[in-house]
Each structure stands twice: as C-alpha cells, then as structure tokens.
Amino acid sequence: MNAVPAIMDFPDRLSPMVVKELRQGLRTRLFGGVLLTLHLMLVLLTLMSGGAENAAVVSGWFDGIVTLVLCIIMPLRGFSAVADELKSGTLDMLALTRLSAGRIIFGKWAAIASQSLLLMLSIMPYVVARFVFGGLDLFGEIAALFYKWLAGVVLAAVIVALSTQRQFWLRAVVVFLPLLIGGCGAASFIMISRMGGGMSSGLVFTSFTKSGGGGSALLVLGMAAWAIFFFLSLAATRIAPAASLLSVIKRSVHLVMILSLMIVGLLTGSSAAMGMTAAGVLSLVMLDALTERVNEVPSVYAAFYQRGWPGRVALWLLAPGWVTGMVYSALLVALVTVYVGWTRSVEEAKLVAVSACGTWMIAALVQLFSTRKSRDLLPPFIIFWLIVNVLIATFGSLLMMPLTMKGTTAWFTCALPQFLPTGYVTAQAGDKAALLNLGMLSACIWPAVLLIAAVFAWGHARAARQEGWRMIHGDQGGSAV
Amino acid sequence: MDRSQPAVVVEDLHRTFGTLKAVDGVSFSIDHGRVVGFVGANGAGKTTTMRIMATLDSPGSGRVCMGGHNVVHHPAKVRRLLGWMPDSFGTYEHMTVLEYLDFYARALGFKGADRLRRIQEVMDFTDLTPLADRMSNKMSKGQTQRLCLGRALLHDPQILILDEPAAGLDPKARVELKNLIRILAQEGKTILISSHILSELGEMCDSLLFIDKGRIVHHGDAESMMRGTEKAGETLVHVQIAGEPAKLIEWALTAPLIKIEEETKRGARLRIQSADDATLAGVLRRMIQDGLPVLDYHREERRLEDAFIDMLGQIDNNTFKGQPPEVRSQKSAE
C-alpha cells in the first residue's frame, strides 16, 4: 500500500471553499499573466517617473493600471464563479457537504478578495519608490490603493452574486452596462480632476476621507461591509435549500443598517446625507425582499410558531418569500419616509415613497407576467428594472426635453413613479405640489396590485403554514397565520 | 441511524416542472443493507426522484425519509447519512486527485491527521493512490468515476445513491466499478443505483424498481422479472440432443403439456404448460426414459431488457399484471 503524500499547503482553520478557490485560482494563467504584466508595467512607470515634467502623466497611468486590475479584472474573475458550478453539477456535491450556502458563496468571494489583496500588497513597493523618487503623498497614495481594493472587493461581491444566474447574457448585461457607464464616469472624473490642477486620485480619496475625519472613512468601510454582506447573502439565498432561514438574518441586518444610518445622521447632524444613503440602501433591500420565492416548507414556518406570539409577528416580516418581503419593505419605506420628512421636507419624503412605489411596480409586473410556479423571480425583476429604468427613463427624458425647454410642466411624468422625480425637478414652481400629489396617487396603484397578488400567493402557502403549525402544536386548537 | 425502520421511505411523491409530471405518485421503501436497481427510460423520473432523495430538489408533494429523517424538514441530517454520485462527473480544473479529495474531506469536517487517514483509506479502496498527483480533470472516465465514488464515500455514508455510475465506462472499468459496489454492499450499505445496463443491475441488485412516466410499475427481484411468463403458468425450455432434432420434435408432438415453440439447429424451444419445478424435472426424466440423447435442458430466462420492454408494452396496452410496488404502511418514519 502506497502512502498518500501529506498535503499541508493551507491550514485547517481556513474555510475549505477558500482553500479550494485559492488552489485553483492561483494556478490559473489569468492570475499569473495579470501579476507579471502588472509588475512589468509598474517597473516601467517607476523608471519613467524620475522627471517632474511627466509626473502627472505617469501618475495617471499608474492609477489607471491599478484601477483596471483591482476594480475590473480581479472582480470579473467571479463572473462565472457559481454559474460554472451550477452547470457542471458540482454545486450539488458541495451542497451535500457541511458547507452552508453562505460559506460556499463567501469562499468564492474571499478567494478573489485575497488574490486582490496579494496584488495590492505587491504594488506597495512601487508606491514607496514613487514617494522616495517622486515626492508623492505616501498616505494619500496608500489610502487610494486601499480604497481601490475596497471598491474591487465590493464589485467582486456584486459579480459573485450575479454569477448565481445561469443565463450568460443576463449576467453580461447587468455587469457590463454599469461597468461601461461607471467606467465612462470614472474616466471623465479623472480627466476633469487632472485638467483642474492635476490632483491625483490619491489626493481625491484623502480629501474625501479627511473632509469628515475618521467618521467618513468609518462610514465608507461600514457601507462597503454592508454591501458585501448584502450581495453575498443575496447569492447564498439563491443556492440555499428551501428549508433555510437566511431571510431572518438578512432582513435583521438590513434593518439594523438602516436604523444605524438614521441614528448616525441624527447624532452627527448629517441627517440629509444619511437619509439619502438610507433610501439607497432601501432600494437594494427591496430588490432582495421582493424577489424571494414564497416558501412552502412547513419546517420554515414551524421555526416561527415555536417562539409563540413574537414568532408569529416576526413571521410576517422575516419569513422567506416576497409576500413577507412586501410587509417588511413597507415597514422600511415607512421608516425612511418618516425620517426624511422629519429631517428634510415633506416633499422629499413623498419622493422617497414614490421611488419605493417604483420598486413595488416592478415587483407587481413580475408577479403579473410570471407564472405561479416560476422559481426564480430575480431575472424577470432585473429585466423589468432594466426596461423601466434604462429604456423608458431615457425615452422619457427625450420626451420631456421640448416641454422643459418651453418651461412647461411635464404632467405625464406622474404616470410612472420612475419619471416623477425628474418631472418634479423640472416642473413650474406652482405646479410642483400638484404634480407630486398626483404622482403619489397614481403610484399607489402598484403596491395595491402587489398586495392583491400577495394575498393569493399567501393563500397558496397556507397548507405549508398549517403543517408547520401542526409540527409545533399538534392537532390541539389554534391555527396558523 | 434508526435501523428499526427502512433505510429509505418514499410515499406518494409528486414533482412537476411546468406542465410536465416528472414524478407522479412514486412510492417504495428500501430496507437497510439492500442494493436496489432503479430502472427506467430517459425522462422516466429516475434522476428527479433520486435528486429529491438526496435533498437536492424539493418534492411537490409526498414524503421522503432517508434513515428516518424527512428530506425537506431535516436536510442536514439526511446529508450526513448520504453519499451521492451524480451522472455528471463533477471534477475541477487546476486541482489534483489528492487536492480534490482533500477539499471534500475538509468540507465534510475532517481535520488534520484524521483527514489524511480517511483520504488514504478512500484512495486505497478506489485504487487511486498512484494517481494522487494527476489533475482531476485529466483522467480517463473510469478513473474519474472511481474518484467520484471515493468522494461520495469520504464520510462513510450508510446510504449511497448512484445515478448512472456505469454510463460511458469501458468493460474493464465497469467490472472494477461492479466489484467496488459489491464490496460496499457486503459492508451493509444501502445502495440505490440507476442504470441503463439492466443485465449488470440484475447481477448486482437484490431487487429492481422500474419507473415509467413518473410512476413505479414494478418492484421485485430480477429473477421474477426475467421469468415473466411464469405468471401465466408456462415455462419456455431450451433442449439440445445428440443427433437429429427430428426425434425431439416427434417426441414433443405426442407428449402431454408440451408445445413446440421453435425448432432449432440441434433441438427445439419447448413451451411447457407449467411453471412448477417438479413438472419441469418430470419432462426431462420422461425424455431420457424415452431414449432421447439430451445434451442440454435449461429454462429460458428472458433478458432483463426484453422483460422491461415487454412490461412497458403491457402497460401501454393496459394488460400488465406484474407485482405492485412494495409500500410500507408506517405513517411516521421520523
């Protein structure tokens, strides 16, 4: 009997998924190629940065290359991370191990994040060399490098979440459209910032973080951590077994996040910014809550029933499925609307409510145009979102242009919640309130439509709830929600 | 695992995909330590049933319990008892055989020396030790299949579900796989195997489950399946004699309970209107007493494939009178 050689490359305490992904990832040609090319280019740039006259150009190239690698190439490694496992059937085999859906997804992301970290650390000597020979702001450059890595790992979380989608074209559209738009925006920003005094991106980041002191940096870190959690938990939900209760953890964390933003806003006197941030968080949370399939596994409901009346209340907010997701999102919308109305103005609060109705509208369209047995609500949601927000919003803006130029209020914008904010901004001062009220009235149709669909969907899951109730209480009296 | 209850209980299982009824009221149970073949045409509902049993899909309705645990309510407990080998191989790029098993051993909770010991045991059992440093996606089908079996055995599961394990294997690899399954059966594992190669299933399995259009149409042992005609109280026998077969034909024409089915080169196929062993022996005794130089006398057993196709034909004509599936009546296996 031959002895198997001992395999000690990674310690036991590392997650098995991270070990697997690192073993595979570090061997790929892409990683080796990127590493070698990056260093080759950075060596050349460092050699060129000697003269003061071309420092700005070299700095621009340096930023561009590092951004390309950390914020685009490395995150894109997650593009097929889960889809490949789904297609080859290996995800089934992973699911049968002790690895939870969350650990599988986290491992995929952590491997990309750690490879990015390796690359980032390998860039540090060049930053130091440029500081020694070029007199750059070392802290600013290191901070810039760190924020690029952070942006890259947040993007990696988004892309890993999208990779749970089997359809290549949908992933490609969702990934490359924002990348294209974001890339153009970032390029314009860098060009404008350079033309306006040659400020390096390092200084931009430094000034950003220094503007609010450590608080802003903490906020950025907090938001990044939440965004990573949001996208990874969204992905985990999509591959988890039907009996899992991930929605309880997810929705609790999101609620805490929104409440924290509000409290921070009140404590630091930046309630306006925090209110808008909370509204942004809310729109993502709604996407997640409204695309969960209604759960028909009795043990899921039994987990709530066994906690008495608090469990029955929690069931309405935290049980998996878009029906409870609607109740939960209504609670969050109410919270954010009241907060914005209190700290800013009633008009802005109304606009937040209308935006939420826009998201409910997409959820209602998904329910109207998909069959009851549709297991995956996220792809139609994304498609409707793209249609409504990209196509209609673009054509709507074109329609509005002649009216705006004439100085006329575009009353038709009250027909679609997505149009209303633009219509409101360009409306005649005297028409603003009427337009907003009319828009609110028309937007209310969509939560009403969704509510009707929710009543039916909730009814279909009644048998599962009853069975869940029986699992806890037997046949002795009472009934499920 | 509670051995007082069957290892596998499937009750009135339904699963639909859109308008397609993939599984339509499937019920059966499997006792501990049994090897059961799962037979059906493509799209009959085998893989869907197996995936539900393996907690990889949810039943539309019905109940599935593995080792006493409901697959929907307690998937984690079921997974600890279960080894699953899908029809797709499921290996990874840029990963050696040893790393592949090491990853799954880690994922199953093995640590340190315990992990190495278990990997060693599995590699010895599946004869993969010489291939430890080979890339897992660069092996032959037979080797890959052994690797996948090794992976499924890492946590020493009591129930094994093997979906088309012999598909695409050459004869040598098939024999190796069959031997491995035989050893596992001797160790007392409960094994459910689906395959298209029915003759092999007949050799390996204690009983066979036949599924067609999402329904179990037969659950019994291979022998009863192959002797399908015994149901009608008839038996086909092959007889060969030394010399001219005409002597045999002449004898058969006058013998009671015997009809000539077909004349062959050195004898004949005879239909005896009895399935009783004593009657069959009596016919042979009479042949010898009447001076026929009998060289070969054996009961004809249909090939499993033929039996299966006949059965499907009978089902289509509503004339099938086979055994109903064995369904246990326990209402709570948990």
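Please treat every number below as a calculation from the coordinates, not as lab data. From a predicted model like this one, the values you see are computed outputs, not experimental measurements. Here the Cβ positions follow ideal geometry from the backbone for every residue, glycine too, while neighbour counts run over all protein chains shown.
Listing B:THR129, B:THR264 from fewest to most neighbouring C-beta atoms within 10 Å gives B:THR264, B:THR129. Note on segment B:228-299: percent of Cα-Cα distances in each 5 Å bin, starting at 0 and stopping at the bin with the largest distance, equals 4, 17, 32, 28, 13, 5, 1. What residue among A:ALA364, A:HIS39, A:LEU315 has its Cα farthest toward the positive end of the dipole of chain A, where the charges are +1 on Lys, Arg and -1 on Asp, Glu, each on the Cβ? Of the options given, the answer is A:LEU315. The angle separating the long axis of helix B:171-186 from the principal Cα axis of greatest extent in chain B is about 80 degrees. With the highest mean first, a sort of the peptides A:442-449, A:31-38 on other beta-carbon atoms found within 10 angstrom per residue produces A:442-449, A:31-38. So the label point goes 7 Å from the Cα of A:LEU170 along Cα→C-beta, right? Which residues of segment A:82-96 then have their backbone N under 15 Å from it? Only A:82-84, A:86-87 fall inside the zone, counting backbone N under 15 Å.
Mind checking the log10 I(q)/I(0) for segment A:387-427 at q = 0.19 Å⁻¹? Debye, one equal scatterer per Cα, no solvent, two decimals. Per q value, in the given order, log10 I(q)/I(0) is -0.45. Once the Cβ-Cβ distance of B:ASN42 and A:LEU35 is raised to the sixth power relative to R0 = 41 Å, the FRET efficiency obtained is 0.30.
Taking all Cα-Cα distances within segment A:241-481, those exceeding 26 Å account for 45%. In chain B, taking the dipole from charged Cβ atoms about the Cα centre, the farthest positive-side position among B:VAL78, B:GLY40, B:THR144 is held by B:VAL78.
Scoring A:396-407, A:10-21, A:320-331 by mean Cβ neighbours within 10 Å over their residues and listing the highest first yields A:320-331, A:10-21, A:396-407.
By other beta-carbon atoms within 10 Å, ranking B:SER29, A:SER114, B:SER4 with the fewest at the front produces B:SER4, A:SER114, B:SER29. With the simple spin-label model, which puts each label point 7 Å out from Cα in the Cβ direction, the A:LEU14 to A:MET48 separation comes to 3.6 nm.
Relative contact order of segment B:195-302, taken over Cα pairs closer than 8 Å and 6 or more residues apart, is 27 percent. Each stretch of four or more DSSP H residues adds -39500 (n - 2.57); spread over every residue of the protein assembly as shown, this sum gives -19000 deg cm²/dmol at 222 nm. Taking 0.36 nm per residue of sequence separation and removing the Cα-Cα distance, the B:ASN137/B:GLN289 pair yields an extension gain of 48.2 nm. For segment B:191-209 versus segment A:333-361, the spacing of their alpha-carbon centroids is 64 Å. Dipole of chain B computed with +1 at Lys/Arg Cβ and -1 at Asp/Glu Cβ about the Cα centre; of B:ALA255, B:LEU304, B:PRO130, farthest Cα towards the positive end is B:PRO130.
Treating each Cα of the protein assembly as shown as one equal point scatterer and applying the Debye formula with no solvent, the log10 of I(q)/I(0) at q = 0.06, 0.07, 0.10 Å⁻¹ comes out as -0.54, -0.69, -1.18.
Partner shielding of B:98-105 amounts to 6, given as the average count of beta-carbon atoms from other chains within 10 Å of each residue beta-carbon.
Distance between the C-alpha centres of segment A:147-172 and segment B:161-176: 39 Å, rounded to the whole angstrom. Segment A:20-85 and segment A:415-466 have their alpha-carbon centroids 45 Å apart. For the residues of A:298-311, the average number of beta carbons from a partner chain within 10 Å of their own beta carbon is 1.
Cβ crowding within 10 Å ranks A:ILE7, A:ILE249, A:ILE362 as A:ILE249, A:ILE7, A:ILE362, fewest other Cβ atoms first. Scaled against the 2.2 N^0.38 Å expected of a compact globular protein of N residues, the Cα radius of gyration of segment B:18-57 reads 1.27. Over all Cα atoms in segment B:126-246, the spread is summed up by Rg and Dmax: 19.2, 66 Å. Per the Debye formula with a single identical scatterer at each Cα and no solvent contribution, what log10 I(q)/I(0) holds for chain A at q = 0.09, 0.11 Å⁻¹? Per q value, in the given order, log10 I(q)/I(0) is -0.74, -1.07. Peptide B:112-123 is shielded by partner chain Cβ atoms: per residue, an average of 2 of them sit within 10 Å of its Cβ. Ranked by the mean number of other Cβ atoms within 10 Å per residue, highest first, peptides B:248-255, B:93-100 order as B:93-100, B:248-255. When the Gaussian network model of chain B links Cα atoms closer than 10 Å, the mean-square fluctuations of B:LEU162, B:LEU101, B:LEU270 top out at B:LEU270. Averaging the sequence gap over all C-alpha pairs within less than 8 Å and six or more residues apart, then dividing by the number of residues, gives segment A:287-382 a relative contact order of 30 percent.
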